[in-house]
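The following block contains the structure, expressed as structure tokens.
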Amino acid sequence: MTVRVRLAPSPTGNLHIGTARTAVFNWLFARHHDGKFILRIEDTDLERSRPEYTESILQGLQWLGLNWDEGPVFQTQRLEIYKSAVQTLLDKGLAYRCYTTAEELEALRESQKARGQAPRYDNRHRNLTPEQEAAYKAQGRSFVIRFKIDDDREIVWNDLVREKMVWRGSDLGGDMVIARAAADGIGQPLYNFAVVVDDMDMQITHVIRGEDHIANTAKQILLYEAFGAKVPEFVHAPLILNQEGRKLSKRDGVTSISDFKQMGFIAEALVNYMTLLGWSPPDSTQEIFTLQEAAKQFSFERVNKAGAKFDWAKLDWLNSQYIHVMAVDKLTDLIIPYWQEAGYQLTGGRERPWLEQLVTLIQPSLTRLVDAVEMSKLFFTDSVEFSEEAAVQLKQEGVALTLNGVITSLENQQELNEARAQEIIKQVVKEQNVKKGLVMRSLRAALTGDMHGPDLIQSWLLLNQIGLDKHRLMKATVENN
């Protein structure tokens, strides 16, 4: 048997981390078994589906490296297939036309609510006679198609994460609507019906999704059986929770995958983190791995039943680990768009070789790519504002003479390198009879406007290449004395 799994998002919003984690589990399982990962776009909600959301889904999956083998298949292009399948169930006597009006359904719900009962359809039109149907049609009533559900039926399946699952037909809310009303007969199919038809046609062997679909699974198994089809294996992965144990939502600061990208997370780190949201590798000490490495070890035996708590600190740590070992040229490519978004001019000496030197300087301190904007701001402005600590340093006795000594040493300097920079510092220490620490602290304050930051000598060399070091040194001596 060839394993065939699918991701079936609805384009009613951007690709969210919950859907993306489901995609990760599907992809890992398919690759582990040399199977097929299929992408299906469930776009039958015409009012809420948008092309830009479809694009978000496709781009998000591609960015994460979750390449699909077949698709994308769009449900809106399969409507005739669904209508034919509905007709099959009507012909078998397993579905029927229901003429109950919206007002009658509301009255039923209110009556059940008053009696303290759970809302459910009472199957009142399950066995209409031809005469009764004709009378409803004569009244101009439209109809939906309902699938018959036996209240006494016990639905049992072995979930690959949650093990034995048991539902009763009476828990499913009465006969299920599988197609909406339409002027010309069978209307738009509903989710639970269309998904079964699609999975049958695409020969899906394993349905892998979040545990919030468990009730749907019971209904869908009944539909598979009604068509005489093989029921796939089901996997219900734990939900992603916030730190309070509630289902993760936008209120927790977690949004779409495109937003994670904008926040400065890299694809490899994010997909690594999502892999760990509910699954643990055989070696519990291993936390960093590629998708391909995870696929070799992946199984649902190691997926937890309990919800997986989202941890920003853990994601930040993972992201930093990937950034710190990344090749400088690749990291530069990733950071440049953030600099451009910030309005930094990548000209006037700040071309590619200089940018790569800057990336090398700040790389060990980066947690997210976006951090590069603030960390490197001092290299993209002609002058800097002095922090309170830096201003105090620059007003100390002897600092002005020290900085003037550095400026004088730079006057006839054609090109500054690390050795020459160190030589200038030694020369000033000797000539001014001051401690080296004073020179270093004063240089940092004058050049960067702060007393903390990346390596001082490398920062000086970068500023020297774009002609800003002498300018800042002179400005510091004037403004703070």
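The values are calculated or read from the model by the stated rules, or taken from the named source; none is laboratory data. Please read all numbers here as calculations on a predicted model, not as lab measurements. Please note: Cβ atoms are built from the backbone with ideal geometry, for glycine as well, and neighbour counts cover all protein chains shown. Protein only, heavy atoms only, side chains kept; ligands, DNA and RNA dropped before computing areas. Shrake-Rupley method; radii C 1.70, N 1.55, O 1.52, S 1.80 Å.
Give me the extension gain from Ala102 to Trp354: residue separation times 0.36 nm, minus the current Cα-Cα distance, reported in nm with one decimal. Don't jump to the answer; show the numbers that get you there.
Numbers: separation 252, 0.36 × 252 = 90.72 nm, distance 6.84 nm.
Between Ala102 and Trp354, full extension yields an extra 83.9 nm.
Let me make sure I get this right: for the range 241-305, a, b and c are the square roots of the gyration tensor eigenvalues over alpha carbons, sorted descending. Under 1.5 in a/c it's rounded, otherwise prolate if a/b > b/c, else oblate. Which is it?
Details: a/c = 2.67, a/b = 1.37, b/c = 1.94.
Oblate is the answer for the range 241-305, as a/c is 1.5 or above yet b/c matches or exceeds a/b.
Here's a follow-up. Which shape class applies to the range 1-103: rounded if a/c is under 1.5, otherwise prolate when a/b exceeds b/c and oblate if not, where a ≥ b ≥ c are the square roots of the Cα gyration tensor eigenvalues? Write out the running numbers ahead of the final one.
On the way: a/c = 2.67, a/b = 1.56, b/c = 1.72.
Oblate.
By how many degrees, 0 to 90 and rounded to 10, does the Cα axis of helix 17-32 deviate from the longest principal axis of the chain?
Tilt of helix 17-32: around 80 degrees.
While we're here: Would you mind getting me the FRET efficiency between Gln59 and Glu479? Use the beta-carbon distance for r and R0 = 51 Å, nearest 0.05.
Values: r = 48 Å, r/R0 = 0.94.
Computed FRET efficiency for Gln59 and Glu479 comes out at 0.60.
In the chain, what percentage of the DSSP-assigned beta bridges are antiparallel, given to the nearest 5? The partial results should precede the final answer.
Working: 19 of 33 bridges.
Of all bridge pairs located within the chain, approximately 60 percent are antiparallel.
Something else: Quick one: which residues, 5+ away or cross-chain, put their amide H under 5 Å from the amide H of Asn123? H built at 1.01 Å from N.
Asp175
While we're looking at this one, here's another question. Using the per-residue mean of other Cβ atoms lying within 10 Å as a proxy for protection, in what order, highest first, do the peptides 86-98, 269-281 fall? Numbers along the way, then the final one.
Details: 86-98: 16.9, 269-281: 22.3.
Peptide ranking by packing, descending: 269-281, 86-98.
Related question: Quick check on the chain: helices-only [θ] at 222 nm, where DSSP H runs of length 4 and up contribute -39,500 (n - 2.57) each and the sum goes over total residues. Nearest 500, please. Please report the intermediate quantities before stating the final value.
Details: 20 runs with 225 residues, N = 481.
Mean residue ellipticity at 222 nm (helix-derived): -14500 deg cm²/dmol.
Continuing with this model, one more query. Using a 7 Å offset from the Cα along the Cα-to-Cβ direction at both Lys395 and Val156, what is the distance between the two label points in nm, to one decimal?
Once both label points are built, they end up 8.3 nm from each other.
I'd like to compare 109-120, 66-77: which one has the highest average count of other Cβ atoms within 10 Å, and what's the full order after that?
Values: 109-120: 10.8, 66-77: 16.2.
Top to bottom by mean Cβ count within 10 Å: 66-77, 109-120.
Once both axes come from the Cα atoms, what is the angle between helix 214-226 and the longest principal axis of the chain, in degrees from 0 to 90, rounded to 10?
Rounded to the nearest ten degrees, it is 40.
Within 10 Å of each candidate Cβ there may be at most 10 other Cβ atoms; applying that plus a DSSP loop requirement, which GluC sites (Glu not before Pro) in the range 385-445 survive? Mind showing how you got there, number by number?
On the way: sites: Glu385, Glu388, Glu389, Glu397, Glu411, Glu415, Glu418, Glu423, Glu431; in loops: Glu385, Glu397, Glu415.
Qualifying residues, ordered by number: Glu385, Glu397, Glu415.
Identify the residues of the range 21-62 with backbone N under 19 Å of a label point that sits 7 angstrom from the Cα of Asp201 along the Cα-to-Cβ direction, or state none.
37-46
Only Cα pairs under 8 Å and at least 6 apart count here; give the relative contact order of the chain as a rounded whole percent.
Details: 683 pairs, mean separation 61.0, N = 481.
About 13 percent, as a whole number.
Now a separate question. Whole number in Å², please: accessible area per residue of the range 373-431, 1.4 Å probe, ligands, DNA and RNA not counted. Don't skip to the end; give the middle numbers.
On the way: 3570 Å² over 59 residues.
Normalised by residue count, the accessible surface of the range 373-431 is 60 Å².
Same structure, new question: Subtract the Cα-Cα distance of Asp259 and Asp184 from 0.36 nm times their separation in residues, and report this length gain in nm to one decimal.
On the way: separation 75, 0.36 × 75 = 27.00 nm, distance 4.30 nm.
Between Asp259 and Asp184, full extension yields an extra 22.7 nm.
Then there's this: Step through the residues of the range 89-105 one at a time and calculate ³J(HN,Hα) from phi using the Karplus curve (6.51 cos²θ - 1.76 cosθ + 1.60, θ = phi - 60°), rounding each to whole Hz and writing x for Gly and Pro.
Karplus-based 3J(HN,Hα) across the range 89-105 equals 5, 4, 5, 7, x, 9, 9, 8, 8, 10, 9, 4, 7, 4, 5, 5, 5 Hz.
Moving on to the next point. If amide hydrogens are placed 1.01 Å from N in the peptide plane, which non-local residues have theirs closer than 5 Å to the one on Ala182?
Phe143, Gly187
Same structure, new question: Using a Cα-Cα cut-off of under 28 Å, which lysines could be cross-linked to Lys164, ignoring same-chain neighbours fewer than 8 residues away?
Within reach: Lys36, Lys148, Lys219, Lys230, Lys247, Lys296, Lys305, Lys309.
Using packing as a proxy for protection, rank 458-466, 350-358 so that the peptide with the highest average count of other Cβ atoms within 10 Å comes first. Before the final figure, lay out the partial values.
Numbers: 458-466: 19.8, 350-358: 15.9.
Most protected by this proxy first, the peptides run 458-466, 350-358.
Using 1/(1 + (r/R0)^6) with R0 = 41 angstrom and r between the beta carbons of Gln414 and Lys330, what's the FRET efficiency to the nearest 0.05? Walk me through the intermediate numbers first.
Values: r = 33 Å, r/R0 = 0.80.
Given R0 = 41 Å and the Cβ-Cβ separation, E is 0.80.
Let me ask something else. Take the alpha carbon gyration tensor of the range 393-481, find the square roots of its eigenvalues, order them as a ≥ b ≥ c, and report rounded if a/c is under 1.5; if not, report prolate when a/b exceeds b/c, else oblate.
Values: a/c = 1.35, a/b = 1.16, b/c = 1.17.
Rounded, because the longest to shortest axis ratio a/c is under 1.5.
Another one. Multiplying the sequence separation of Glu110 and Ala306 by 0.36 nm and subtracting their Cα-Cα distance, what value in nm do you get?
On the way: separation 196, 0.36 × 196 = 70.56 nm, distance 3.58 nm.
Extending this stretch completely gives an extra 67.0 nm.
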